[in-house]
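J.: Let me begin by handing over the structure; questions about it come next.
The values are calculated or read from the model by the stated rules, or taken from the named source; none is laboratory data. No experiment lies behind these values; they were computed from the predicted model shown. Cβ atoms come from the backbone with ideal geometry, glycine included; neighbour counts cover every protein chain shown. Protein only, heavy atoms only, side chains kept; ligands, DNA and RNA dropped before computing areas. Shrake-Rupley method; radii C 1.70, N 1.55, O 1.52, S 1.80 Å.
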Amino acid sequence: MIFLDWVPSPHGAILPKQLFGLAGGLIAALPLGIVDATLPHLLGSWTPVVEIIGFFVIASISIGRLAGVTGDGSWVRIVTAQLLFCVNPFVFDRLYAGQIGILLGYALLPFGVRALLEARGQRWPRWLGVGLWWVVLLSCAPHFAWIFALPVAVVAVMNVRRPSVVLGVAVSVLVALLATVYVLVAGGVGGVGVKVGPRNLEAFRTTADPHLGLMVNVAGLYGFWRLGPTLAKQVITGWPILLLVLVLVIAYGYVLQWRRARGSWKNRQVVLILLVMGLGGLILAMGSQGPFGSLFTWMYLHVPYFNIMREPEKFSMLLAVSYAVGFGWGVEALYRNADGKVARAMTIAIAAVVVLAYEPILFFGLGTQVKTSQYPRSWYSANQLMGTGEGRVLAFPWHQYLSYPFTQNRVVANLSPGFFSRPVISGDNVQLPNIPTSATSRESRFIQYAIDHGAQTRYFGSLIAPLGVKYVVLEKTVDWRLYGWLRTQRDLTELMNSRSIVVFRNDAYQGAAYLSATAVTVPNWGALLALSQRNLLHNVIVCVHHATPGPVQVSTAIISDVESAPHLSDRKLTVLSPTAYRIPKHASEWISLDNSYEPGWRLGSRRGFESAEGTVGFQPVAGAQGVTFGKAGLVEGAEFFSLAVVLVAAVGAMAERHLKI
């Protein structure tokens, strides 16, 4: 099964470049990312099924544990809380979108909340467990830095006069920060990232119901920004009535539990914390449109890292947790007040019917909207033809999201990076209104420029050779016919042409890293294109004053310099690792790497520069024997440090619990 953002990767790399500090160091969900990349290699096509089943199992166990936090609950409370927590519009939306990291964090969130509630009144070592759960949530998605921060803040404010709780909260925050320091380090190391600004806040804002407005929509656990699937409320007449019934039962549950906890401020505080957490999630899920919209916008623009919450509707998972526990309390109270076995059975049945009627299309392939997909045989043939080894694949059409015939024309994330065995360069242009792309890399912008001017050149292969592109694949979907100019390129050889995919070999490919006798600087990409039209790029490293379009012309002086340069096709660099290269002895030529430019690349003591195409280049240094990414050790050291913090905190938490230190 292939979902919107969840594409199983049968041939994808298990260890991403981010692990080494490359690709911007955006590795906030690195632990889960490695697991998610490994499972398809072990389970194959069963991976989505196993992960979906795992989500429901974990979610059921965790919310059951939270619902029984007061220690006086029955199976009725547990089961009904599990039902609402697992079957609701939030789960449907995220499952359809394939946001497995968010779903797994959602499933684990109640464990963290329970640990938080149990830590009150305990000694500070017990708060190590809260910090550990925070780390676990962060390993699922970076958004939990702020999502879990809300219940932590609620507990801190309610117990501000208790030094032990304030100290414990500080300990949990410190553990979370230290255990994720590699994210901060890697984020400062890399030079390639994602551009997030006010337009993102507008594009990803929570949607309102066309008839009932924003607040009711969010209260109903709706509001996901991306349109596409048929939602339960679109096929259910009177869904607000069902929502009203659920809310009344939830409110009844909170009132009864508050009364039941009379005489125990600890248990009453549990009720209050969960209630405030849910209301806070409701307000924050509305983002810049809510009653505190101006504050949310200010935080988005000025508070470090808060802009990861550009899609505020994720906060509504806190409301879902609050709903589930309250619903369990309410149904349990109704069950106990029912007279006779038949009445009690009817209470359980009606509660289940209301929940299932409120979200009836979560099952059976999300209402038959998601079906099993099979990659065409020609894709496997293409992958076998290209094989493995050095050299990347450039995948067209150049879109981050595509519809494919074999996905029943559903729009999904570009499938190329996860399918082909070689590293793949694919589109990162999200193509939302006012946000054509969120990428900041010159490499992506250059490829888009080259595509826009593909019909003006006959040597496209030489344009993309510095990127380490050995093969070009054209998948026959959406606007693939616009890439017909690929067949007119004199340095691309067509190796395969099937009903679903075309494979070209780049005859201008020189290797993942190579030497050049000459480097020239041109005004802009227009001059670079002019050099390619003369077939003069196979023997030179090019820089630009301005990485922008310009007149397709180049001076005769530069042409003369390029034409007189000797060819060095036999002078190669050896790739030792993603962050290290060995150069030939006595080499004194210019160096080009296929890695996207990022600060930290060095040849001896000399820093690398950014080429016209967005890759890494070096000026010659006599006697230098290797190229390294100097900040890789910093990132990897931070990762080991973070792991050590987690291990120490885990040992401390277990010692406090089992040895009663």
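J.: Highest mean first, how do 124-132, 370-378, 421-429 rank when packing is the count of other Cβ atoms within 10 Å averaged over residues?
T.: Numbers: 124-132: 24.8, 370-378: 15.2, 421-429: 20.2.
Listed from highest to lowest mean packing, they are 124-132, 421-429, 370-378.
J.: I've got another one for you. On a 0 to 90° scale, report how tilted helix 239-260 is relative to the longest principal axis of the chain, with both axes built from alpha carbons and the result rounded to the nearest 10.
T.: Helix 239-260 sits roughly 60 degrees off the main axis of the chain.
J.: Could you tell me how far the Cα centroid of the stretch 358-415 sits from the Cα centroid of the stretch 268-322, in Å?
T.: 34
J.: Would you mind giving the average projected area, over all directions, of the Cα convex hull of the stretch 552-614 in nm² with one decimal?
T.: 5.9
J.: Hey, for a label at Lys371 modelled as a point 7 Å past Cα toward Cβ, could you say which residues of the stretch 393-410 have their backbone N under 20 Å away?
T.: Correct set: 402-410.
J.: Starting with the highest mean, order 463-473, 145-155 by the number of other Cβ atoms within 10 Å, averaged over the residues of each peptide.
T.: Ranked by mean Cβ neighbours within 10 Å, highest first: 463-473, 145-155.
J.: Using alpha-carbon positions, what is the distance between the centroids of the stretch 580-617 and the stretch 442-471, in Å?
T.: Their Cα centres are 20 Å away from one another.
J.: Over the Cα atoms of the chain, what Rg and Dmax result, in angstrom?
T.: 28.1, 98
J.: Under 8 Å for C-alpha pairs, at least 6 residues apart: give me the relative contact order for the chain, rounded to a whole percent.
T.: In percent, rounded to a whole number, it is 15.
J.: A further question on this structure: For the chain, give the percent of accessible area contributed by carbon and sulfur heavy atoms, probe 1.4 Å, rounded to a whole number. Please list the in-between numbers first.
T.: Values: 17150 of 27710 Å².
Heavy-atom surface of the chain belonging to carbon and sulfur, 1.4 Å probe: 62 percent.
J.: For each pair in Lys233/Lys314; Lys266/Lys314; Lys17/Lys476, compute the distance between the two Cα atoms and list the pairs where it is over 22 Å. Kindly include the intermediate steps, with their values, before the conclusion.
T.: Values: Lys233/Lys314 19 Å; Lys266/Lys314 29 Å; Lys17/Lys476 29 Å.
From Lys233/Lys314; Lys266/Lys314; Lys17/Lys476, over 22 Å: Lys266/Lys314; Lys17/Lys476.
J.: Taking a probe of 1.4 Å, how large is the accessible area per residue of the chain, in Å²?
T.: About 42 Å² of surface per residue is accessible.
J.: Take the alpha-carbon centre of the stretch 88-147, take the same for the stretch 496-518, and report the distance between them in whole Å.
T.: One Cα centre to the other: 45 Å.
J.: First check a/c for the stretch 242-290, with a ≥ b ≥ c the square roots of the eigenvalues of its C-alpha gyration tensor; if it is under 1.5, answer rounded, and if not, answer prolate when a/b is larger than b/c or oblate otherwise.
T.: oblate
J.: OK, next. In nm, give the distance between the simple-model label positions of Arg260 and Arg123, each being 7 Å from the Cα along the Cα-to-Cβ direction.
T.: Rounded to a tenth, the inter-label distance reads 3.3 nm.
J.: Over the heavy atoms of Arg114, what accessible area does a 1.4 Å probe trace out, to the nearest 10 Å²?
T.: Spelled out: Arg114, probe radius 1.4 Å, area about 40 Å².
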